[in-house]
Amino acid sequence: MDNTNWLLKVEGLTKIYGEPDANTLNRTGSLFNSNQCPETGAIVACNNINFSLYPGEVLGIVGESGSGKSTIVKMLYFDFEPTSGSACLSVFKDGERNIFEETNQKKRFLRNHKMGMVYQNPRDGLNFRFTSGGNIAEKLLMAGNFNVGSIRERASSLLASTEVSIARMDETPAAFSGGMQQRVQISKAIANNPPLLFLDEVTTGLDVSVQAKVLDMIRKLQQELGIAMIVVSHDLSVIRMLTDRTLVMKDGHIVEQGLTDQILQDPQNTYTQLLVSSLL
Amino acid sequence: MIEEKKFNRQYNYAFIDESTKKEIRRKLLKAICIPGYQVPYSSPEMPIARGWGTGGLHITLAIIGKKDVFKIIDQGSDASVNACNLRDFVQDTTACEVTFETRQASIIQTRHRITEEKLQKHQIMVFQVPQPEPLRGVERYERKTRQMHAEADYAKMWVSLYESYVRFGDIMRGAGYPVKVNGRYVMSPSPIPRWDIPNLNQAECLYLFGAGREKRLYAVPPHTDVAPLEFEDVKFKIESFTDASCNLSGEKMAFMDELYHSDGSSSHVVNDSDFLDKVLEKSRPGQWSNKYLIAKLEQLEKEFSTKKSKGNGQH
């Protein structure tokens, strides 16, 4: 793979809650089996994360809960501000600007035009007081489409592609099942054809048959639209099914990374070995 | 001592003390400089409760001088309780002239209407605003609405208009239709009917808005663009009053009140009391002109001519 044509390049991404001192980053992590600084009590959610994502690639981030995997995508989607570190997007100002240093307007532009996010809980990604169509319309309106007819056309084609009944477009997501809510969320996330999509534990909490359907749909959309994705999950079967390349995280560190098949077949790190061996 | 001086008199000219008036005037200047932006202000105590027109009263009392001629209307009427009491109060504390005649007034305080008569450049209209925040219906936290204004992030407002269209087939906002001022801030025009909204656009007069309970001032300076929020294919409309005419004057080109009678029937009457008086005296004043009113006028003329031709055919 050509190393220069990355879509997203993340360098030194760090998020600390609480008040760290000079040694905090050196005294936490997988080696210490804790992400809490023993001196100051500061929590290191992510410690010096570096990776690149290439166009059309699906990257998995796997790890136990509290390992910092969701924090990474939420920082990239500007839900949290990072403590330090940079991220560049090749489709924004030729990839020369750290997107975390941009103004709020620019960040919102990036969120609306270049990124999509699907949260574990549909209540984070959807406004339950608006209809499903209205939720998708929000993204389109933010991108400057002020024509009700074309908004409704786009919303219904998106809902059709994610297999939500168009007849139920004008109902609120509260009236939907969990799987349908998740599919509405995916429709909203891809409404503006973003080159980059974040999936944060999308199938957690869904029953197995619905999980399979949602995963199938994500894979289909990925193949049709060629969106680059970051898939965050603690579920190795989701990672195996969706991703090309995987980062394994523990206590805020990346402990292992490589091709998904390789990591699952031949894990090197002790934590990864434990993770793979505990797969049912 | 300052205190002695202050309390020796019953009250200062125009009730509010001079330093507070100065503060309100400075905030008004800021509001005029940033059209549509809500400026926080002190909202001093008044002898009426906040939320009963104190915001409008603060502005009026801060800008009024001895040569001013004051008019106040409540929902178009000079004679309603709120208007009468506030008029008496302003007259008592300033001794300035008061009038019912729109054209003679230099300051017009209003609740929920703009006059039917077109205002001139020497006139100032002061609105009593109950809720200055247009985004309150979609976002309950002040911290967030301020950020949304700062970043011109009005997506939620637009979605609520879209939702209204989807649910009811039209944008169901009667009074207080949200407008965009000078291409930047979305502003609540106070609960004036849609009929009055186009009159905010490129007006000769100065519009000042005061919300006493919410402690906010804002303004639309003369010759400022004010556009109602509308979609490319779902447009803003004014009230139509199809086939309605005033049962006192026969007038059709004015905002109407619908009156219900004890036998269940209803009739219409012109809402603006001074305008109605002038129409009855046959000295109809110059009205506002905007594209919505022009369209309505054309429609009325068309109906009139078809009726006339039908009448001719029968004879």
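Apart from one condition, residue B:228 fits all of (1) within 21 Å of residue B:110 (Cβ to Cβ); (2) away from chain A (no Cβ under 14 Å); the exception is (2).
Run down B:185, B:162, B:207 and say which single residue is within 11 Å of another protein chain (Cβ to nearest Cβ), crowded, with 18+ Cβ neighbours inside 10 Å and either touching a residue at least 24 places away in the same chain (Cβ under 8 Å) or more than 29 Å from residue B:272 (Cα to Cα) (or both). Going through B:185, B:162, B:207 in turn, the sole match is B:162.
All of B:50, B:87 fail the test of being in contact (Cβ under 8 Å) with a residue 40 or more places away in the chain and either out of contact with any helix residue (DSSP H, G or I) (no Cβ under 8 Å at 6 or more places or on another chain) or hydroxyl-bearing (Ser, Thr, Tyr) (or both), apart from B:50.
Looking only at segment A:140-161, decide whether some residue is within 18 Å of the chain's Cα centre (by Cα) and hydroxyl-bearing (Ser, Thr, Tyr). No, there is no match, as no residue in segment A:140-161 is within 18 Å of the chain's Cα centre (by Cα) and hydroxyl-bearing (Ser, Thr, Tyr). No other residue among B:155, B:175, B:203 is within 26 Å of residue B:105 (Cβ to Cβ) and in contact with a helix residue (DSSP H, G or I) (Cβ under 9 Å, 6 or more places away or on another chain) apart from B:175.
Of all positions in segment A:66-73, none carries a residue that is at pLDDT 90 or above, away from chain B (no Cβ under 14 Å) and under 30 Å from residue B:229 (Cβ atoms).
Residue A:239 meets the stated requirement of being in a helix (DSSP H, G or I), modelled with pLDDT of 90 or more and crowded, with 20+ Cβ neighbours inside 10 Å. Return the residues of segment B:135-156 that are under 15 Å from residue B:229 (Cβ atoms) and at the interface with chain A (Cβ under 9 Å from one of its Cβ atoms); say none if nothing qualifies. Once the filter is applied, which keeps residues that are under 15 Å from residue B:229 (Cβ atoms) and at the interface with chain A (Cβ under 9 Å from one of its Cβ atoms), segment B:135-156 yields B:138, B:152, B:153, B:154, B:155, B:156. If you check A:26, A:5 for being of a type in the set (S, T, N, Q), in a helix (DSSP H, G or I) and out of contact with any strand residue (DSSP E or B) (no Cβ under 8 Å at 6 or more places or on another chain), only one passes: A:26.
Name the one entry in A:100, A:80 that is outside any loop (DSSP other than H, G, I, E, B), within 19 Å of the chain's Cα centre (by Cα) and either aliphatic (A, V, I, L, M) or more than 14 Å from every other protein chain (Cβ to nearest Cβ) (or both). Being outside any loop (DSSP other than H, G, I, E, B), within 19 Å of the chain's Cα centre (by Cα) and either aliphatic (A, V, I, L, M) or more than 14 Å from every other protein chain (Cβ to nearest Cβ) (or both) holds for just one of A:100, A:80, which is A:100. When each of B:50, B:113 is tested for being part of a loop (DSSP other than H, G, I, E, B) and touching a strand residue (DSSP E or B) at 6+ places or on another chain (Cβ under 8 Å), the lone residue that passes is B:113.
Per the listing B:93, B:60, the residue uniquely outside any loop (DSSP other than H, G, I, E, B) and modelled with pLDDT under 95 is B:93. Residues that are touching a residue at least 12 places away in the same chain (Cβ under 8 Å), surrounded by fewer than 23 Cβ atoms within 10 Å (Cβ to Cβ) and either in contact with a strand residue (DSSP E or B) (Cβ under 8 Å, 6 or more places away or on another chain) or not aliphatic (A, V, I, L, M) (or both) within segment A:212-228 comprise A:213, A:219, A:222, A:226, A:227, A:228, listed in sequence order.
The residues listed here are B:234, B:159; of these, the one that is over 24 Å from residue B:33 (Cβ atoms), part of a loop (DSSP other than H, G, I, E, B), more than 21 Å from the chain's Cα centre (by Cα) and among the aliphatic types (A, V, I, L, M) is B:234. Residues satisfying the criterion are present in segment B:111-134 (criterion: more than 14 Å from chain A (Cβ to nearest Cβ) and within 26 Å of residue A:155 (Cβ to Cβ)). Being exposed (fewer than 15 other Cβ atoms within 10 Å of the Cβ) and within 14 Å of chain B (Cβ to nearest Cβ) is a property that holds for residue A:149.
For segment B:110-123, the set of residues classified as polar (S, T, N, Q) and under 9 Å from the mean Cα position of the chain (by Cα) consists of B:110, B:115, listed by residue number. Checked against (1) loosely packed, with under 15 Cβ neighbours inside 10 Å; (2) over 25 Å from residue A:201 (Cα atoms), residue A:165 meets all criteria but (2). In summary, residue B:173 fulfils each of the numbered conditions (1) of a type outside the set (Gly, Ala, Ser); (2) free of Cβ contacts under 8 Å to residues at least 40 places away in the same chain; (3) in a helix (DSSP H, G or I) with the single exception of condition (3). The set of residues in segment B:118-146 that are among the β-branched types (Val, Ile, Thr) and either over 26 Å from residue B:156 (Cα atoms) or touching a Cys at 6+ places or on another chain (Cβ under 6 Å) (or both) comprises B:124, B:126. Considering each residue of segment A:87-96, count those that are touching a Lys or Arg at 6+ places or on another chain (Cβ under 9 Å) and part of a loop (DSSP other than H, G, I, E, B), and give that number. The number of residues fulfilling the criteria is 3. Can you pull out the residues in segment A:107-135 that are at the interface with chain B (Cβ under 10 Å from one of its Cβ atoms) and either in contact with a Leu (Cβ under 7 Å, 6 or more places away or on another chain) or within 30 Å of residue A:19 (Cα to Cα) (or both)? Listed by number, the residues that qualify are A:107, A:108, A:135. The sole residue among B:251, B:258, B:239 that is under 22 Å from residue B:300 (Cβ atoms) and not in a loop (DSSP other than H, G, I, E, B) is B:258. If I filter segment B:261-280 down to residues being part of a loop (DSSP other than H, G, I, E, B) and under 26 Å from residue B:110 (Cβ atoms), which single residue comes out as nearest to the other protein chains (Cβ to nearest Cβ)? Selected residue: B:271.
The values are calculated or read from the model by the stated rules, or taken from the named source; none is laboratory data. As the structure is a prediction and not an experimental result, all values here were calculated from the model. Every residue, glycine among them, receives a Cβ derived from its backbone with ideal geometry; neighbour counts consider all protein chains shown.
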